[in-house]
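Q: What follows is a single structure, and I will ask about it in a moment.
The values are calculated or read from the model by the stated rules, or taken from the named source; none is laboratory data. It should be emphasised that the depicted structure is a prediction, and the values quoted were computed from it without experimental measurement. Quick reminder, even Gly has a Cβ in these numbers, built from the backbone with ideal geometry, and neighbours come from all protein chains shown. Note: accessible area is taken over every heavy atom of the protein model, side chains too, but ligands, DNA and RNA are not part of it. Shrake-Rupley method; radii C 1.70, N 1.55, O 1.52, S 1.80 Å.
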Amino acid sequence: MSRRSLTLLKNLTRNTNTSCNQTRSVTYMPRPGDGSPRAVTLIPGDGIGPLVTNAVEQVMEAMHAPIYFEKYDVHGEMSRVPAEVMESIRKNKVCLKGGLKTPVGGGVSSLNVQLRKELDLFASLVNCFNLPGLPTRHENVDIVVIRENTEGEYAGLEHEVVPGVVESLKVITKFCSERIAKYAFEYAYLNNRKKVTAVHKANIMKLADGLFLESCREVAKKYPGITYNEIIVDNCCMQLVAKPEQFDVMVTPNLYGNLVANTAAGIAGGTGVMPGGNVGADHAVFEQGASAGNVGKDKIVRENKANPVALLLSSAMMLRHLQFPSFADRLETAVKRVISEGKCRTKDLGGQSTTQQVVDAVIANLE
């Protein structure tokens with residue numbers, strides 16, 4: 001046998017042995033029946049919503065994920081979420097949605113807020129983190145903003161006292177404050193997070209935000225292994241811009257959480273890549289984590305250049321919630337690989353790719 005043939009044979013043997021010794025790690029031990037396909041309510045929504053939800057549909061189909069969608073046409077100018085949509089979400093317990101436009105002024109209520117209140121989705125979670133290969137001003141950012149989702153300024157209790165004078169009530173209750181604080185500490189404990197920071201303005205709103213802080217402090221005592229601290233919301237925004245890596249899990253009342261989550265998203269790479277979801281005791285709605293300004297960008301819709309990354313990562317969160325972790329891992333790995341390679345990026349990430357080109361790249365990187 002020639003020396004070249006012998007070398008080839010040794011290499012072949014080595015590769016064969018290597019492939020035989022490779023094993024998959026056990027990530028999840030399913031209960032009987034966990035693999036049955038699950039129905040998920042899908043609301044494409046307004047603006048870029050139909051583009052990015054269609055991206056999720058394509059990727060789910062490509063990797064044969066054990067879910068199927070019940071799709072409903074809902075738009076922000078509607079007076080209420082249709083009854084059949086609410087019935088579908090209550091039955092399926094899980095919903096994936098694009099953005100729903102909220103009219104400014106005019107007395108039209110937000111359908112997003114309606115969904116959260118009617119389904120008691122008391123916790124909003126947005127994960128803001130650096131993606132490998134995506135340059136940002138700050139490194140080592142991995143912040144989870146957990147926001148109380150049902151009261152505060154979003155209670156919608158407004159009225160005109162006399163012409164030209166409007167009174168808007170901020171509602172803070174001990175029950176909801178304790179509930180969101182407990183959720184934040186449970187999340188930190190189960191995800192090996194080390195610190196929870198409560199964001200407040202109790203130096204001015206001493207009763208309302210004071211009650212929120214009092215509730216957080218009481219819950220913190222039950223989790224001695226997790227560091228707890230507090231920060232005033234204006235200082236919080238300054239610290240986020242200056243040194244975001246100091247934050248881990250942040251728990252906030254409703255309005256502050258909206259501002260903090262969008263600020264953190266901008267620092268970590270933009271609203272187009274940050275996943276999020278809204279969860280309650282019985283139902284969960286997954287959507288783009290930080291959606292500031294994205295719904296109404298008509299030019300992006302016309303050019304088909306909406307960034308689907310945020311909703312794809314949100315759908316990975318949804319797959320974990322449905323107890324399909326291996327599918328979630330595959331999806332996340334493919335998305336991160338596309339971002340890292342840098343060949344397919346939409347305009348907000350410095351590229352010129354269309355939504356479909358990003359989707360095709362993700363599908364090509366599915367393992």
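Q: Residues of the chain: accessible area per residue at 1.4 Å, in Å²?
A: Normalised by residue count, the accessible surface of the chain is 50 Å².
Q: Continuing with this model, one more query. If r is the Cβ-Cβ distance from K206 to E61 and R0 is 51 Å, what FRET efficiency results, to the nearest 0.05?
A: With a Förster radius of 51 Å, E is 0.45.
Q: Still on this structure, please answer the following. Give the long-range amide H neighbours of G289: residues separated by 5 or more places, or on another chain, with amide H under 5 Å away, using H modelled in the peptide plane at 1.01 Å from N.
A: M274, G276
Q: Leaving ligands, DNA and RNA out of it, work out the accessible area of D142 with a 1.4 Å probe and give it in Å² to the nearest 10.
A: Answer for D142: close to 70 Å² accessible.
Q: Next question, about the same structure. With a 1.4 Å probe and all protein chains kept in place, how much accessible area does F129 have, in Å² rounded to the nearest 10?
A: 30
Q: Next question. Ignoring ligands and nucleic acids, what accessible area does D282 show with a 1.4 Å probe (Å², nearest 10)?
A: The accessible area comes out at roughly 100 Å².
Q: Where the accessible area of the chain is counted over protein heavy atoms with a 1.4 Å probe, how much of it, in %, is carbon and sulfur?
A: The nonpolar share, carbon plus sulfur, comes to 54 percent.
Q: Another question, then. Please work out how much length the chain gains when fully extended from E160 to R137, using 0.36 nm per residue of separation minus the C-alpha to C-alpha distance, in nm with one decimal.
A: 3.9 nm
Q: Is the range 32-90 rounded, prolate or oblate when judged by the Cα gyration tensor, a ≥ b ≥ c being the square roots of its eigenvalues, rounded requiring a/c under 1.5 and prolate requiring a/b larger than b/c?
A: Here the range 32-90 falls in the oblate category.
Q: Further, regarding this structure: Of K195/K347; K97/K305; K91/K336, which ones are farther than 24 Å apart at the Cα?
A: In this structure, K195/K347; K91/K336 exceed 24 Å between Cα atoms.
Q: Shape call for the chain from the C-alpha gyration tensor, a ≥ b ≥ c root eigenvalues: rounded (a/c under 1.5), prolate (a/b greater than b/c) or oblate?
A: prolate
Q: Within straight cross-link reach of K174, meaning Cα distance under 21 Å, which lysines are found once same-chain residues fewer than 8 apart are removed?
A: K117, K182, K201, K206, K221, K222
Q: Would you compute, from DSSP H runs of 4+ residues alone, the mean residue ellipticity of the chain at 222 nm, taking -39500 (n - 2.57) per run and dividing by the full residue count, rounded to the nearest 500?
A: So the helix-based figure for the chain works out to -13000 deg cm²/dmol.
Q: Angle check, please: helix 254-268 long axis (alpha carbons) against the longest principal axis of the chain (alpha carbons), in degrees 0 to 90, nearest 10.
A: 30
Q: Given a cut-off of under 8 Å on Cα pairs at least six residues apart, what relative contact order in percent is computed for the chain?
A: After rounding, I find 20 percent.
Q: Within 10 Å of each candidate Cβ there may be at most 14 other Cβ atoms; applying that plus a DSSP loop requirement, which trypsin sites (Lys or Arg not before Pro) in the range 163-226 survive?
A: For trypsin sites (Lys or Arg not before Pro) across the range 163-226 that sit outside H, G, I, E and B with at most 14 neighbouring Cβ atoms in 10 Å, the list reads K194, K206, K221, K222.
Q: Tell me whether the range 258-367 comes out rounded, prolate or oblate; compute the Cα gyration tensor, take square roots of the eigenvalues as a ≥ b ≥ c, and use a/c under 1.5 as the rounded threshold.
A: Oblate.
Q: Using the basic label-point model (7 angstrom from Cα toward the beta carbon), what is the K71 to E303 distance in nanometres?
A: Roughly 2.5 nm, to one decimal.
Q: Here is a further query. Against the longest alpha carbon principal axis of the chain, how many degrees, from 0 to 90 and to the nearest 10, is the axis of helix 233-242 turned?
A: 30
Q: What percent do you get for the relative contact order of the range 160-266 when only Cα pairs under 8 Å and 6+ apart count?
A: 33
Q: A follow-up question, please. Which three extents, in angstrom, do the Cα atoms of the range 100-197 have along their principal axes, listed largest first?
A: If we take the Cα atoms of the range 100-197, the spans are 53, 34, 24 Å.
Q: Grab the beta carbon distance between Q246 and E118, set R0 = 41 Å, and tell me the FRET efficiency rounded to 0.05.
A: After rounding, the FRET efficiency stands at 0.65.
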